[in-house]
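See below for the structure under consideration.
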Amino acid sequence: MHLFHYANDRLFCEDVDLERVAQEHGTPTYVYSANTIRDHFRRLDSALGDLDHLICYAVKANSNRAILQLLAREGAAFDIVSGGELFRVLNAGGDAARCTFAGVGKSPDEIGYALDQQVYSFNVESIAELECINRIAAEKNVRAPIALRVNPDVAAETHRYISTGKSENKFGIALDLVRDIYAAAAKMSHVAIRGIQMHIGSQITDAKPFADAISKVAPLVAELKQRYAIEFFSIGGGMGIIYRRALESGTGKWWHDHGGESSAFSVADYASAIVPPLRELGVRVLVEPGRFLVGNAGVLLTRVRYIKKAARKTFVIVDAAMNDLIRPALYQSYHEIVPLIAPRDARVEPVDIVGPVCESGDFFAQDREMPPLQEGDLVAIMSAGAYGFVMASNYNSRPLSAEVLVSGDKFALVRERQSYFDLIRGEHDCDL
């Protein structure tokens with residue numbers, strides 16, 4: 001569930017009126033619900049029950065230091081994809097020995113840094129990467145813990161940009177090559193085989209693809225366990241969330257949040273599909289959720305600057321832009337957009353909600369039916385807790401937005417809004 005709701009016709013995050021946040025910290029501002037994140041983590045942990053498991057939060061979904069601290073306190077491990085993410089985790093009080101390092105293009109410096117910090121495992125995506133890890137580990141006279149990332153060639157019915165488990169994707173190693181590469185790894189003097197990993201994609205809205213992928217890879221895990229010291233099987237992440245909710249028409253209430261549902265399918269359904277075959281393997285199971293934990297725990301607050309009526313369209317121009325939240329432009333993704341003051345009737349009109357960046361792709365919604373909006377109104381772009389701020393940029397020399405964390409009736413600034421001086425920090429005059 002998530003904890004964004006209307007009370008007395010005002011949008012709240014937990015027990016905080018979001019208009020208070022906008023008044024104190026301005027817009028655009030990301031707002032995150034700490035108790036939503038805690039609830040999602042605990043539900044997943046409970047659903048996996050007595051299965052020997054470790055929940056490795058995918059840091060790329062939202063890497064704010066306060067959120068990493070929150071999850072570390074809950075007992076989360078971490079799935080990282082860069083040296084910078086490892087640094088963030090360590091700075092937030094996380095433990096490198098509970099970090100798995102994924103990604104197809106780890107640099108030698110990143111590999112060396114991760115070895116120095118003693119990460120739990122490298123998820124290896126090619127023989128070339130394996131050889132590089134072995135070479136760097138030899139230079140440091142250590143053994144690098146590794147798991148090969150298997151590409152199970154399973155269709156996950158998601159956007160093609162976030163599909164990772166098909167043979168045409170850049171990720172992982174084909175099933176028919178894995179045995180040979182494990183055999184090669186076993187002969188390397190500075191590599192220690194620790195596990196096996198897979199990940200089939202993101203925003204998957206059905207439990208079946210997970211079960212299908214596990215059924216393809218589980219026999220391989222059982223086989224490899226007889227030959228090598230396989231400690232874990234990482235099944236990746238990818239659980240989808242609800243982005244689109246129904247509108248409750250004819251009731252005088254324009255937006256209906258279905259009691260705060262968050263996941264596209266129940267955690268119980270997910271667990272019932274994956275736990276039985278995994279329990280039989282007798283190894284620790286790693287799961288790597290990102291969006292599931294934080295996606296519906298965040299919103300982007302923005303204020304209406306202008307209403308522009310053109311011949312065939314009405315444009316609602318807000319102060320947030322594609323540089324703040326690029327998902328609609330990049331993935332054609334849908335985000336609910338709701339006013340902070342609930343409309344008193346069900347009247348709606350089709351509008352385009354756009355930002356001030358000089359790109360035609362700078363929009364959050366097109367032909368979206370919205371209640372009448374006026375200049376100065378505040379709206380919240382929902383389900384923005386994952387792949388929101390982490391994908392933001394300074395395009396058009398726009399300062400990065402602020403971030404705020406809410407817990408109960410309290411809220412705190414967890415990232416300051418950038419200033420104009422921040423935009424040129426690190427740049428130097430040159431007389432060449």
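The values are calculated or read from the model by the stated rules, or taken from the named source; none is laboratory data. As the structure is a prediction and not an experimental result, all values here were calculated from the model. For neighbour counting, all protein chains shown are included, and Cβ atoms are generated from backbone atoms with ideal geometry for every residue, glycine included.
When you scan the stretch 165-216, how many residues do you find that are modelled with pLDDT of 95 or more, of a type in the set (Ser, Thr, Tyr) and assigned to a helix (DSSP H, G or I)?
So the answer is 1.
What number of residues within the stretch 126-164 satisfy the criterion of being at pLDDT 85 or above and either closer than 25 Å to ALA207 by Cα or among the small types (Gly, Ala, Ser) (or both)?
10
Can you name the residue in the stretch 198-237 that is among the polar types (S, T, N, Q) and out of contact with any Leu (no Cβ under 7 Å at 6 or more places or on another chain) and, of all such residues, is surrounded by the most Cβ atoms within 10 Å (Cβ to Cβ)?
Residues of the stretch 198-237 among the polar types (S, T, N, Q): 202-203, 205, 215, 226, 234.
Next, from what is left, pick out any that are out of contact with any Leu (no Cβ under 7 Å at 6 or more places or on another chain): 202-203, 205, 215, 226.
Details: SER202: 26, GLN203: 23, THR205: 17, SER215: 13, GLN226: 7.
Top of the filtered list is SER202.
Given the conditions (1) surrounded by fewer than 20 Cβ atoms within 10 Å (Cβ to Cβ); (2) more than 19 Å from HIS53 (Cβ to Cβ); (3) touching a residue at least 24 places away in the same chain (Cβ under 8 Å), and given that ALA128 satisfies all but one, which numbered condition is not satisfied?
(3)
Any idea which of ALA346, ALA320, ALA342 is surrounded by 14 or more Cβ atoms within 10 Å (Cβ to Cβ), within 24 Å of the chain's Cα centre (by Cα), over 30 Å from PHE232 (Cα atoms) and among the aliphatic types (A, V, I, L, M)?
ALA320
If you scan the stretch 270-312, which residues turn out to be part of a strand (DSSP E or B), more than 24 Å from SER407 (Cα to Cα) and in contact with a strand residue (DSSP E or B) (Cβ under 7 Å, 6 or more places away or on another chain)?
Of everything in the stretch 270-312, those that are part of a strand (DSSP E or B), more than 24 Å from SER407 (Cα to Cα) and in contact with a strand residue (DSSP E or B) (Cβ under 7 Å, 6 or more places away or on another chain) turn out to be ARG284, VAL285, LEU286, VAL287, VAL304, ARG305, TYR306, ILE307, LYS308.
Can you give me the ranges of the helices (runs of 4 or more DSSP H) entirely in the stretch 1-83 with at least 3 residues that are outside the structural domain of VAL357 (by TED's automatic domain parsing) and within 17 Å of the chain's Cα centre (by Cα)?
Once the helices (runs of 4 or more DSSP H) in the stretch 1-83 are filtered for at least 3 residues that are outside the structural domain of VAL357 (by TED's automatic domain parsing) and within 17 Å of the chain's Cα centre (by Cα), what remains is 34-47, 65-74.
Among the residues in the stretch 250-266, are any modelled with pLDDT under 90, among the hydroxyl-bearing types (Ser, Thr, Tyr) and buried (at least 20 other Cβ atoms within 10 Å of the Cβ)?
Keep residues of the stretch 250-266 that are modelled with pLDDT under 90, which gives 250-266.
Next cut, among the hydroxyl-bearing types (Ser, Thr, Tyr) only: 251, 262-263, 266.
Okay, now just the ones that are also buried (at least 20 other Cβ atoms within 10 Å of the Cβ), so 262-263.
Checking the stretch 250-266: at least one residue is modelled with pLDDT under 90, among the hydroxyl-bearing types (Ser, Thr, Tyr) and buried (at least 20 other Cβ atoms within 10 Å of the Cβ).
Please go through the stretch 111-125 and give me each residue that is at pLDDT 95 or above and outside any helix (DSSP H, G or I), ordered by number.
GLN118, VAL119, TYR120, SER121, PHE122, ASN123, VAL124
From the list LEU413, LEU405, LEU378, LEU400, which residue is surrounded by 12 or more Cβ atoms within 10 Å (Cβ to Cβ), at pLDDT 95 or above, within 20 Å of GLU359 (Cα to Cα) and not small (Gly, Ala, Ser)? I'd like the intermediate steps shown before the answer.
Working: LEU413 fails: within 20 Å of GLU359 (Cα to Cα); LEU405 fails: within 20 Å of GLU359 (Cα to Cα); LEU378 fails: within 20 Å of GLU359 (Cα to Cα).
Exactly one residue qualifies, and that residue is LEU400.
Every residue in the stretch 277-324 that is touching a helix residue (DSSP H, G or I) at 6+ places or on another chain (Cβ under 6 Å) and among the basic types (Lys, Arg), please.
Passing the criteria: only ARG291.
Quick one: GLU74 ticks every box in (1) at pLDDT 95 or above; (2) closer than 23 Å to ASP324 by Cα; (3) not polar (S, T, N, Q) except a single one, so which number is it?
Condition not satisfied by GLU74: (2).
Rundown of residues vs (1) basic (Lys, Arg); (2) in the same structural domain as LEU301 (by TED's automatic domain parsing); (3) without any contact (Cβ under 8 Å) to a residue 24 or more places away in the chain, yes/no style:
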{"residue": "PRO371", "(1), (2), (3)": "no, yes, no"}
{"residue": "VAL379", "(1), (2), (3)": "no, yes, no"}
{"residue": "ALA384", "(1), (2), (3)": "no, yes, no"}
{"residue": "TYR387", "(1), (2), (3)": "no, yes, no"}
{"residue": "PRO399", "(1), (2), (3)": "no, yes, no"}
{"residue": "VAL406", "(1), (2), (3)": "no, yes, no"}
{"residue": "ARG417", "(1), (2), (3)": "yes, yes, no"}
{"residue": "TYR420", "(1), (2), (3)": "no, yes, yes"}
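Of the residues GLU280, GLU288, which is in the same structural domain as LEU44 (by TED's automatic domain parsing), modelled with pLDDT under 95 and of a type in the set (D, E, K, R)?
Only one candidate passes the filter, namely GLU280.
Going by what's in this entry, would ASP17 be described as at pLDDT 95 or above, of a type in the set (D, E, K, R) and more than 23 Å from VAL275 (Cβ to Cβ)?
yes
Select, from VAL16, VAL81, the only residue that is in contact with a strand residue (DSSP E or B) (Cβ under 7 Å, 6 or more places away or on another chain) and aliphatic (A, V, I, L, M). I'd like the intermediate steps shown before the answer.
Values: VAL81 fails: in contact with a strand residue (DSSP E or B) (Cβ under 7 Å, 6 or more places away or on another chain).
When all the criteria are applied, what remains is VAL16.
Sort through LEU68, LEU48 and tell me the only one that's surrounded by 18 or more Cβ atoms within 10 Å (Cβ to Cβ) and over 29 Å from LEU281 (Cβ atoms).
Result: LEU68 is the single residue among LEU68, LEU48 that is surrounded by 18 or more Cβ atoms within 10 Å (Cβ to Cβ) and over 29 Å from LEU281 (Cβ atoms).
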